[in-house]
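First the structure, in the form of structure tokens, and then the observations on it.
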Amino acid sequence: MAKTVIAVQNIWKQYRLGVVGTGTLSNDLKRWMHRVSGREDPFLKVGEVNDRTKKSESDLVWALQDISFDVEEGDVVGIIGKNGAGKSTILKILSRVTIQTKGEIKVRGRIASLLEVGTGFHPDLTGRENVFLNGAILGMKNAEIRSKFDEIVAFSGVERYIDTPVKRYSSGMYVRLAFAVAAHLETEILIIDEVLAVGDAEFQKKCLGKLKDVSGHGKTVLFVSHNMTAMKSLCTKGILLKHGIATNSGSIDEVIDYYTTEAGKERSIEYTFTEEHDKEAQILKISILDSNGIATGEVDLTKSFSVSIEYVIHQPMAGLVAGFSISQAKESENLIVSNEAELNPERLKLRTPGYYKNKIRIPEKLLNVGSYRLKVGITAHKNVYDAVDDVFFDVYDSIGIVQVLGYDRKFSILSAQFPWELEMKIGNSY
């Protein structure tokens, strides 16, 4: 019988927007006394659901609400949901980075966490020193770290820079070494947030292979990612979060199918977001426009359509660009990727604070009939300032061109047509 290594029971997590604490020292002390004595927080209020698309009427937000699940030894569990659903919050609670407001968590075994690039690394220390520091933080003995050191460095691919301070590493080198440490140290539970997106495609494939290997040796893995292809190849079970609530759990295939189906049903014509002035840059509105410039969730295969992206920059920034990708609704492999600096490198220069809008035209007969997923992000020097991953739309065929062109076109993803030059064969040989 499999052993339960993580038991999450009725977890709630509340955040106060803008202000930390109750506002007075006496009330903070009263809250602390109630907490250490096991009594309920006297200042706990019923806050709002954590929905980033709506303007807040309260300074309290529930990031998680009544979450319960068990993870058995050797399970590889994928946690799925939109931005702001509470995925990272549950991982931070499990990693003891923050504590829950209510509820109980029981963990058997040591946990290694990789929650963001360079977690636990000191920028002024070398790669070698950070490997030993990070291992010590994770509870490893010096002899254990030494025995794995060469393997860690070889896997990371940063041998040449191992004695260089990590503040001089690129973000890709940072995540390579951080992942290598977390994956090779002898802990029973490995927790990984959406950090593999920083590495290149080759390293991501290498990481997924390593995760499959460690899970095959009985290590338990909790994995957060927007990459559904990686989720399907790696995970056995899934948990779906929506506005801090667990709405579905089961096999990873069932959870992904439910997630994409429900997201498709909730399809909006326009996606708008409340401006938050503490963010350096933020997406404010995303629209898919038909050939007449009207916002829609369905576009005609035989006509062009546009993607409209509006965003705000709150301080002068250089190198910042908005970009997007389009994939099939239930897959993560990108069919189209583009950003605003591709044909206009001037956009990479210093930008002044203000509101910006881009409209990108997608030509007709490019995407075939089906459901698609649009992802939009604002980035600068590999730093992601804001991202929206779940804009869904459909492509339909208004005149039956798919059937006219032949049955085989139904089975392709792209509907683009190509010119064929007919060369007549003369005689019986060339």
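The values are calculated or read from the model by the stated rules, or taken from the named source; none is laboratory data. What you see is a predicted model; the values in this text were computed from it and never measured. Cβ placement follows ideal geometry from the backbone for every residue including glycine, while neighbour counts extend to all protein chains displayed. Protein only, heavy atoms only, side chains kept; ligands, DNA and RNA dropped before computing areas. Shrake-Rupley method; radii C 1.70, N 1.55, O 1.52, S 1.80 Å.
Where helices (runs of 4 or more DSSP H) fall wholly inside the range 143-260, the ranges with 2 or more residues that are touching a Lys or Arg at 6+ places or on another chain (Cβ under 7 Å) are 171-184, 228-234. Residues that are among the hydrophobic types (A, V, I, L, M, F, W, C) and open to solvent by less than 10 Å² (accessible area, probe 1.4 Å) are absent from the range 269-280 altogether. Just checking, which of SER308, SER291, SER287 is hydroxyl-bearing (Ser, Thr, Tyr), assigned to a strand (DSSP E or B), in contact with a Lys or Arg (Cβ under 6 Å, 6 or more places away or on another chain) and within 25 Å of VAL395 (Cα to Cα)? Only one candidate qualifies: SER308. Just to be sure before I move on: is GLY135 surrounded by fewer than 21 Cβ atoms within 10 Å (Cβ to Cβ), modelled with pLDDT under 85, over 22 Å from the mean Cα position of the chain (by Cα) and small (Gly, Ala, Ser) in the structure I sent? So GLY135 fails the test.
Per-residue answers, yes or no, for (1) farther than 23 Å from THR89 by Cα; (2) open to solvent by 50 Å² or more (accessible area, probe 1.4 Å); (3) in contact with a helix residue (DSSP H, G or I) (Cβ under 9 Å, 6 or more places away or on another chain); (4) not β-branched (Val, Ile, Thr):
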residue	(1), (2), (3), (4)
ASP163	yes, yes, yes, yes
TYR169	yes, no, yes, yes
VAL175	no, no, yes, no
PHE179	no, no, yes, yes
LEU190	no, no, yes, yes
GLY209	yes, no, no, yes
VAL214	yes, no, yes, no
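Among the residues of the range 352-385, those identified as at pLDDT below 90, open to solvent by 10 Å² or more (accessible area, probe 1.4 Å), under 22 Å from LYS279 (Cα atoms) and not polar (S, T, N, Q) are HIS381, LYS382, VAL384, TYR385.
Out of everything in the range 85-102 that is in contact (Cβ under 8 Å) with a residue 60 or more places away in the chain and open to solvent by 40 Å² or more (accessible area, probe 1.4 Å), what residue ends up being nearest to MET231 (Cα to Cα)?
Residues of the range 85-102 in contact (Cβ under 8 Å) with a residue 60 or more places away in the chain: 85-91, 93-95, 98, 100-102.
Retained after the next criterion (residues that are open to solvent by 40 Å² or more (accessible area, probe 1.4 Å)): 88, 100-102.
Details: SER88: 16, GLN100: 26, THR101: 29, LYS102: 29 Å.
By that ranking, first place goes to SER88.
Determine if the range 141-153 includes at least one residue that is farther than 24 Å from GLY218 by Cα and either surrounded by fewer than 21 Cβ atoms within 10 Å (Cβ to Cβ) or in contact with a Cys (Cβ under 6 Å, 6 or more places away or on another chain) (or both). No, because not a single residue in the range 141-153 is farther than 24 Å from GLY218 by Cα and either surrounded by fewer than 21 Cβ atoms within 10 Å (Cβ to Cβ) or in contact with a Cys (Cβ under 6 Å, 6 or more places away or on another chain) (or both). For the range 311-334, the candidate set comprises residues that are open to solvent by 30 Å² or more (accessible area, probe 1.4 Å) and in a strand (DSSP E or B); within that set, the residue that is nearest to ALA380 (Cα to Cα) is ASN334.
Out of the range 131-142, which residues are not charged (D, E, K, R) and not in a helix (DSSP H, G or I)? Matches in the range 131-142: LEU138, GLY139, MET140.
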